[in-house]
1. Mind telling me which of 212, 183, 145 comes out most flexible in a GNM of the chain, alpha-carbon contacts under 10 Å?
2. Between rounded, prolate and oblate, where does the range 157-228 land on the alpha carbon gyration tensor, with a ≥ b ≥ c its root eigenvalues, rounded for a/c under 1.5, else prolate if a/b exceeds b/c?
3. Using a Gaussian network for the chain with springs between C-alpha atoms less than 10 Å apart, which of these wobbles most: 162, 258, 54?
4. Between residue 277 and residue 183, what FRET efficiency follows from the Cβ-Cβ distance if R0 is 41 Å, with the result rounded to 0.05?
5. Just the number please: accessible area per residue for the chain, 1.4 Å probe, all protein chains included, in Å².
6. Please give the direction-averaged projected area of the C-alpha convex hull for the range 181-283, in square nanometres with one decimal.
7. Take the alpha carbon gyration tensor of the range 114-242, find the square roots of its eigenvalues, order them as a ≥ b ≥ c, and report rounded if a/c is under 1.5; if not, report prolate when a/b exceeds b/c, else oblate.
8. Between residue 223 and residue 85, take the C-beta separation as r, use R0 = 41 Å, and let me know the FRET efficiency to the nearest 0.05.
Amino acid sequence: MTERKRTPTALVNYFSGVLGGVAVTFVGHPFDTIKVRLQTQPTCPSSGEGMLYKSTVDCVKQTFRGEGLRGFYAGVASPLVGQMYFRAGSFAAFHYIHSIVESNLNPTTPPSLSPSHNSDSNTSKYKRLILSGGITGAFISILENPIDVIKTKLQVLIMKEKVNKSYQKPFHDTQSCVRFLVNKYGLSGLFHGFTATMIRNVPANAVFFPVNEIMKDILIKKNGYKGEAELSILERLGCGACAGFSYWVGTCPLDCIKSQMMMMRQEQNMTWLKTAKGMYREG
């Protein structure tokens, strides 16, 4: 009897990441648009120097009233194309980096994400997962930064028009935004705010990937599964949700600083520390 050929794990991780990136964009982009607009909103002269949006609900209402459903998907082309490869790259990179970390720091045991019955062994394994996640965060910043720069600049255009009626948009879609940035600043225009992306991504991914694996370990032990393959779709989604929550709960302030830096003109030459201090003074 011939044995069925198994699809290489790296290939499965890659295509899973591609499909995950598409899903993340369609489901999450409206929330991301509201997040970025709230993080980068200027004061509005017509409202007595108050903020442009009073709350999350007000931001949603103003976006829908002024732009319709399309407003929630402002700048969606950049993450739609980018996230397909970014998500695929992030999971593939994590598994590859984790295998290297395991082979160097734990050479006597074959690389594995599965739980051990030894608590000391698990503690060491989680430390290696944290290290692997942090290294992955640094690596994927190279892929993510251009996506975020383009997305952020397109998402905040409408706010600039509301605050300044005479404002002339220098670009109107993803293609014209890329062309504008590259023509004016060269490739560095796509990596504006890279330091902020790194500062957010390293701790965020050092938490995200380990939490995802820890939650799977807990479910495998609790249900007496033989391995990760027995986890259901809902259980995997639950693990990912916990990991995603952990990703954002501690790094939201860092993400605010990143959004502010990417919104600014490159000529302002604002460092991460200057941006953080300025945001702190403004409250």
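1. 183
2. Working: a/c = 3.64, a/b = 2.78, b/c = 1.31.
Cα axes put the range 157-228 in the prolate bin.
3. Top of the fluctuation ranking is 54.
4. Numbers: r = 32 Å, r/R0 = 0.77.
That gives a FRET efficiency of 0.80.
5. Working: 16020 Å² over 283 residues.
For the chain, the solvent-accessible area averages 57 Å² per residue.
6. Result: a mean projected hull area of 8.8 nm².
7. On the way: a/c = 3.80, a/b = 2.50, b/c = 1.52.
The shape class here is prolate.
8. Working: r = 34 Å, r/R0 = 0.83.
Given R0 = 41 Å and the Cβ-Cβ separation, E is 0.75.
The values are calculated or read from the model by the stated rules, or taken from the named source; none is laboratory data. The model shown is predicted, which means the values in this text are computed figures rather than measured ones. Note that each Cβ is placed from the backbone with ideal geometry, even for glycine, and that neighbours are counted across all protein chains shown. With ligands, DNA and RNA removed, areas are computed over all heavy atoms of the protein, side chains included. Shrake-Rupley method; radii C 1.70, N 1.55, O 1.52, S 1.80 Å.
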